[in-house]
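Comments concern the structure below.
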Amino acid sequence: MDEPAIAATKPCLVALVEGQKYLWCSCGLSKTQPFCDGSHIGTRFMPLLFRAQETDEELLCACKRTLGPPYCDGSHNSLSASYGTAMEEDAASAVTVAAAADAHGARRSALDNNCFVIRPGGIATIREGNLALHQVIGPDDGARRLSQFAATHDVGAGPVLRFAAADTVLYVLAGHGTIEIGARHFVLPAESGAYVRAGEAFRITAAAPMSLNLTVCPLGPQPEFLAEMPASFDESVPARVVPVDPDKRAAMADRYYQVLVDGETQGTEVTQFIGHIPRSRAAHHRHLYEETLTVLSGEGVMWTDTTKALIGPGDTIFLPRKQSHSVECTSADGMMLIGVFYPAMSPAINY
């Protein structure tokens with residue numbers, strides 16, 4: 001037995017207790033996955049003893065291909081040439097939900113369990129100088145981890161703003177300019193992510209009209225507009241703007257993604273990524289994080305357990321933690337998405 005057996009093509013969701021020791025099966029033969037039952041005896045594989053760092057639910061690898069045992073790292077998604085596809089029975093009872101205007105003029109499709117699709121529009125909920133913010137996701141929508149704004153910025157220097165004790169993650173949908181954080185200035189091109197650390201203030205100067213995604217985590221704070229820029233800038237995180245770069249794509253079967261902001265590079269609990277979906281419908285799956293997805297290009301359908309809604313460029317999807325869902329792309333050229341989720345981990349991790 002040169003390679004471990006694939007016990008399952010998705011990880012196992014388990015409840016761990018802080019301080020308790022566990023034996024993770026590395027051979028794939030155990031009948032008590034993901035834990036060892038002694039089936040490795042006679043093989044070259046040995047179980048991995050580990051101690052839980054906290055009391056929480058975790059996803060432990062069942063495909064036995066993870067690079068970070070015992071935890072899932074998303075390797076199960078690349079066990080075949082194509083990403084897991086939906087079964088016909090997944091769609092048997094899904095009801096199409098039409099979009100309706102909300103109090104701010106946005107178009108919203110309400111799906112299962114506080115999941116929804118929204119297209120911002122109408123009157124901005126916050127306006128300061130040449131910056132307009134439409135709140136897309138907030139505590140009134142059932143969000144527990146993050147909030148999100150759709151922002152438009154006219155040419156010129158904008159206001160100085162800060163989101164109190166929250167990290168702020170931006171993505172430039174269109175236009176270009178610079179972002180000032182404390183005493184530092186960074187070029188801010190189209191199709192780039194940017195990160196502002198908790199406690200810092202920032203100001204955007206637009207060289208051309210800009211539209212941006214602006215995500216705030218943890219949930220709660222509204223923007224403070226300041227009379228002048230504070231000097232504070234955390235020098236331990238020098239990299240603040242990350243452009244989309246085809247050379248930095250990570251493959252996930254026939255899909256790909258690029259992480260722009262995450263814990264490894266910026267030390268934040270928020271992950272921001274761009275991803276590509278070919279024409280396909282993914283199998284229903286779940287995540288242990290709360291997530292937003294904004295469609296950049298392509299069209300398709302957002303599926304939950306009993307509902308579905310059409311999606312296209314400009315639509316944002318809110319996914320509560322553990323919500324079963326599937327994104328279908330119906331466009332021949334595929335679909336591009338910008339995603340943000342909390343807590344930080346690989347976008348490939350699902351169950």
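The values are calculated or read from the model by the stated rules, or taken from the named source; none is laboratory data. Please read all numbers here as calculations on a predicted model, not as lab measurements. So basically every Cβ, Gly included, is an ideal-geometry build from the backbone, and we count neighbours across all protein chains shown. Note: accessible area is taken over every heavy atom of the protein model, side chains too, but ligands, DNA and RNA are not part of it. Shrake-Rupley method; radii C 1.70, N 1.55, O 1.52, S 1.80 Å.
Assorted remarks:
- Restriction of the GluC sites (Glu not before Pro) in segment 1-76 to DSSP coil positions whose beta-carbon has at most 10 other beta-carbons within 10 angstrom yields Glu18, Glu54.
- Net charge of Cβ neighbours under 14 Å - reference Thr268; Lys, Arg +1; Asp, Glu -1: -3
- The chain - percent relative contact order, Cα under 8 Å, separation 6 or more: 16
- Cα gyration tensor shape for segment 119-159, rounded if a/c is under 1.5, else prolate or oblate: prolate
- The mean accessible area for residues of segment 171-276, using a 1.4 Å probe and ignoring ligands and nucleic acids, is 42 Å² per residue.
- Value of [θ]222 nm, deg cm²/dmol, for the chain, DSSP H segments ≥ 4, -39500 (n - 2.57) each, nearest 500: 0 deg cm²/dmol
- In segment 109-184, the ratio of gyration radius to Kirkwood radius, Rg to Rh, stands at 0.99 when only Cα atoms are counted.
- Pair Ile123, Lys31: separation of 7 Å Cα→Cβ label points (nm): 6.7
- For segment 44-190, radius of gyration divided by Kirkwood radius, i.e. Rg to Rh on alpha-carbons: 1.08
- Accessible area in square angstrom per residue, segment 52-163, 1.4 angstrom probe: 49
- The value of relative contact order for segment 220-300, using C-alpha pairs under 8 Å at least six residues apart, is 19 percent.
- Scattering profile of the chain at q = 0.09, 0.11, 0.13, 0.15 Å⁻¹ [log10 I(q)/I(0), Debye over alpha-carbon scatterers]: -0.53, -0.77, -1.04, -1.29
- Label-point gap, in nm, between Ala5 and Glu235 - each point 7 angstrom along Cα→Cβ: 5.7
- Environment charge of Leu79, counting only residues whose C-beta is closer than 14 Å and scoring Lys/Arg +1, Asp/Glu -1: +1
- Cα centroid separation, segment 127-167 to segment 275-298 (Å): 23
- Volume per residue that the Cα convex hull of segment 118-263 spans, once the total is divided by residue count, Å³: 131
- Atom-type composition of the exposed protein surface of the chain places 52 percent of the accessible area on carbon and sulfur (1.4 angstrom probe).
- Ratio of the Cα radius of gyration of segment 185-335 to 2.2 N^0.38 Å, where N counts its residues: 1.16
- Total lysine pairs in the chain at Cα distances under 26 Å, for residues eight or more apart or on different chains: 14.
- Taking label positions 7 Å along the Cα-Cβ direction at both Ala52 and Ala110, the computed distance is 3.6 nm, reported to one decimal.
- Segment 219-289 shape via C-alpha gyration tensor axes, a/c threshold 1.5: prolate
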